[in-house]
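Below: one structure, written as structure tokens.
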């Protein structure tokens, strides 16, 4: 049970026997207010109110697994900790003092935390299930399930917003370049998203947009920088290689990838990176202002690869596989993140993002099917996006304390 974050929750929600409390030095302790969590430097809780032997104290509370960690963290030399009125620990193995030598009262939680809480926490943390609480979740009131999804979705939005803002700053606040980077990552369909992301940095939109009217140049740049033209094996790849050699010299392109950076295994032919790159070239040639296209209520033009890629799935490898852009995938991974991040530009962006989310079909994958087995089904992208984030960020990492369902299981009597 060695988890300081857990002790924070135990203290904050008083998940222990609060009657007849005593400190390690024998003082009677009554908790009036546990205080507010404090995430900045300094003690863990501020504005706590206590009675120690009937005398009122107001100040800060510090929490550690063992009291000796006070010295391990060098609090004994930090004036910020002089205002600590109570040290809350699981194990008391050393007396602690303020800078003036006065003793700081200590409360030991080990023997006063409810046994059923310890039992439930241990069960969740030791669970080997994909979803740690799957044995209990069907008994949880639906309001907590909805709260769990809302919490997970808010977390996902914050994470996506930060990702978009990072691109925005890296591209010197260029909206089209930011939209292009998100689009490129989305074209990778998870398995090749790292490769597409790297390619978007090697070939910025500002360079590719110079050749919007020359599709052969766009394909040459994309396939060449991606490493697919290192050894041309048919007439078309030879033509592209010749064009790429000219353009890479003209634009001083020194960085390039290699074919081994791209994954073909466990990928359907229509999702092969070669076909996705061909489609990307056509998108760059066809799409107008990228940011405006993705944020305004405009129809995304229908895009198909060139005739060569309608007959091939790789260089010199014939096969007809329909490669297209998934509008739902684009909605979830490009349009909604852009709308949420830049909602200050237009107040309608947020409402449009929510409308798209609630009207886009839910994803169907291993994770959403797992939730469905537990009776939590995805009807729209709102549901599936929430459940994907819940599984990836909370359940996989067993952050049950930060989940409304986990908290309800742990804290209910």
request  = Can you confirm whether segment 128-150 contains a residue that is out of contact with any helix residue (DSSP H, G or I) (no Cβ under 6 Å at 6 or more places or on another chain), within 30 Å of residue 67 (Cβ to Cβ) and not in a loop (DSSP other than H, G, I, E, B)?
outcome  = no
task = Pull up segment 49-69, narrow it to residues that are within 33 Å of the chain's Cα centre (by Cα) and free of Cβ contacts under 8 Å to residues at least 60 places away in the same chain, then point me to the one that is surrounded by the most Cβ atoms within 10 Å (Cβ to Cβ).
result = 62
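Report yes if some residue within segment 355-367 is more than 17 Å from residue 277 (Cα to Cα) and out of contact with any helix residue (DSSP H, G or I) (no Cβ under 9 Å at 6 or more places or on another chain); otherwise report no. Walk me through it before giving the result.
Initially, segment 355-367 is screened for residues more than 17 Å from residue 277 (Cα to Cα), giving 355-367.
Within this subset, residues satisfying the condition of being out of contact with any helix residue (DSSP H, G or I) (no Cβ under 9 Å at 6 or more places or on another chain) are 355, 366.
The answer is yes; a qualifying residue exists.
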ask   = Failed condition for residue 56, given (1) under 22 Å from residue 13 (Cβ atoms); (2) part of a strand (DSSP E or B), with all others met?
value = (1)
task = Could you check residue 158 against (1) within 21 Å of the chain's Cα centre (by Cα); (2) exposed (fewer than 12 other Cβ atoms within 10 Å of the Cβ); (3) more than 30 Å from residue 197 (Cβ to Cβ) and say which number it fails?
result = (3)
remark   = Checked segment 368-382 for anything part of a helix (DSSP H, G or I) and surrounded by fewer than 21 Cβ atoms within 10 Å (Cβ to Cβ); matches are 368, 369, 370, 372, 373, 382
key: Per-region count, segment 28-48, residues surrounded by fewer than 17 Cβ atoms within 10 Å (Cβ to Cβ), modelled with pLDDT of 95 or more and not in a strand (DSSP E or B)   = 0
ask   = Conditions: (1) surrounded by 13 or more Cβ atoms within 10 Å (Cβ to Cβ); (2) in contact (Cβ under 8 Å) with a residue 40 or more places away in the chain; (3) farther than 21 Å from residue 192 by Cβ. Residue 276 meets all but one. Number of the miss?
value = (3)
task = Return a yes/no flag: does segment 339-347 have any residue that is in a helix (DSSP H, G or I) and either free of Cβ contacts under 8 Å to residues at least 24 places away in the same chain or closer than 26 Å to residue 269 by Cα (or both).
result = no
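For (1) closer than 30 Å to residue 140 by Cα; (2) under 29 Å from the mean Cα position of the chain (by Cα); (3) modelled with pLDDT of 95 or more, each residue gets a yes or a no:
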residue: 290; (1), (2), (3): no, yes, no
residue: 313; (1), (2), (3): no, no, no
residue: 319; (1), (2), (3): no, no, no
residue: 323; (1), (2), (3): no, yes, no
residue: 332; (1), (2), (3): yes, yes, yes
residue: 342; (1), (2), (3): no, yes, yes
residue: 358; (1), (2), (3): yes, yes, yes
residue: 381; (1), (2), (3): yes, yes, yes
ask   = Hey, any hits in segment 9-26 for a residue that's in a helix (DSSP H, G or I), loosely packed, with under 15 Cβ neighbours inside 10 Å and within 34 Å of the chain's Cα centre (by Cα)?
value = no
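The values are calculated or read from the model by the stated rules, or taken from the named source; none is laboratory data. Source: prediction; values computed, not measured. All Cβ positions, glycine included, derive from the backbone under ideal geometry; neighbour counts span all protein chains shown.
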